[in-house]
1. Being closer than 22 Å to Asn126 by Cβ and at pLDDT 95 or above is the filter here, so list the residues in segment 65-83 that pass it.
2. Mind listing whichever residues of segment 89-148 are among the basic types (Lys, Arg) and within 18 Å of Val75 (Cα to Cα)?
3. Can you name every residue in segment 117-135 that is farther than 17 Å from Pro49 by Cα, β-branched (Val, Ile, Thr) and assigned to a strand (DSSP E or B)?
4. I'd like the full set of residues that are open to solvent by 30 Å² or more (accessible area, probe 1.4 Å) and outside any strand (DSSP E or B), limited to segment 147-162.
5. Report yes if Ile144 is over 24 Å from Asp33 (Cα atoms), part of a strand (DSSP E or B), in contact with a strand residue (DSSP E or B) (Cβ under 9 Å, 6 or more places away or on another chain) and open to solvent by 30 Å² or more (accessible area, probe 1.4 Å), otherwise no.
6. Within the bounds of segment 82-91, is there any residue that is more than 13 Å from the chain's Cα centre (by Cα) and crowded, with 16+ Cβ neighbours inside 10 Å?
7. From the list Leu118, Leu123, which residue is of a type outside the set (Ser, Thr, Tyr) and either modelled with pLDDT of 95 or more or open to solvent by 40 Å² or more (accessible area, probe 1.4 Å) (or both)?
8. All but one of (1) of a type outside the set (Ser, Thr, Tyr); (2) at pLDDT below 95; (3) in contact with an Asp or Glu (Cβ under 9 Å, 6 or more places away or on another chain); (4) under 17 Å from Phe108 (Cα atoms) hold for Glu6, so report the exception by its number.
Amino acid sequence: MTETSEEFGETPEEFGVRAAVAADVPAVKAVIDAAFQPYVERIGLVPVPMEADHAANVAAGRVFVTGEPVTGLVVVEERAEPDHLYLDIIAVRPEVHGRGIGGRLLRFVEAHARALGLDEIRLYTNAMMWENQKIYPRYGYEVIERRADGPYDRIHYRKRLT
């Protein structure tokens, strides 16, 4: 979706982000696999994003990418609850970490939520992905709970947009 938030004046293009198209599916899979592969051994399981139906997510308009070739992406979902946007996946190719791509994608997600009239973003990360536990609070996310979901130990976050 490329809706503009008139109040905030931001479009996906202003973040260097665009909606993914069917031709991007192989790149989406490659970025997600590269970003999450290092966690397979640590967690002892394949992270859920690596098993997602990337083609279906792209077709549903849930995937937004940055870079040419694609270096990072987010997968978002408007949840049945009308008060928040769910950030399902954020992934950046490891070789470009530290260049601000993840931060730009998080700011895009905020602008996207606002454009949809939503005042909160929620996400979770695996407790074994401790790098994320340092990143999300720097962008204003707060822990709301930690719980096991099947074999996964997850930390749930939210960010209220004011």
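1. Scanning segment 65-83 gives Gly72, Leu73, Val74, Val75, Val76.
2. Arg93, Arg104, Arg107, Arg114, Arg122
3. Ile121
4. Those that are open to solvent by 30 Å² or more (accessible area, probe 1.4 Å) and outside any strand (DSSP E or B): Gly150, Pro151, Thr162.
5. For Ile144, the condition - over 24 Å from Asp33 (Cα atoms), part of a strand (DSSP E or B), in contact with a strand residue (DSSP E or B) (Cβ under 9 Å, 6 or more places away or on another chain) and open to solvent by 30 Å² or more (accessible area, probe 1.4 Å) - is met.
6. Yes, some residue in segment 82-91 is more than 13 Å from the chain's Cα centre (by Cα) and crowded, with 16+ Cβ neighbours inside 10 Å.
7. Unique residue meeting the criteria: Leu123.
8. Of (1) of a type outside the set (Ser, Thr, Tyr); (2) at pLDDT below 95; (3) in contact with an Asp or Glu (Cβ under 9 Å, 6 or more places away or on another chain); (4) under 17 Å from Phe108 (Cα atoms), only one is false for Glu6: (3).
The values are calculated or read from the model by the stated rules, or taken from the named source; none is laboratory data. Remember, it's a predicted structure, so these values are computed and weren't measured experimentally. Neighbour counts run over all protein chains shown; Cβ positions are idealised from the backbone, glycine included. Note: areas computed on protein heavy atoms with side chains; ligands, DNA, RNA excluded. Shrake-Rupley method; radii C 1.70, N 1.55, O 1.52, S 1.80 Å.
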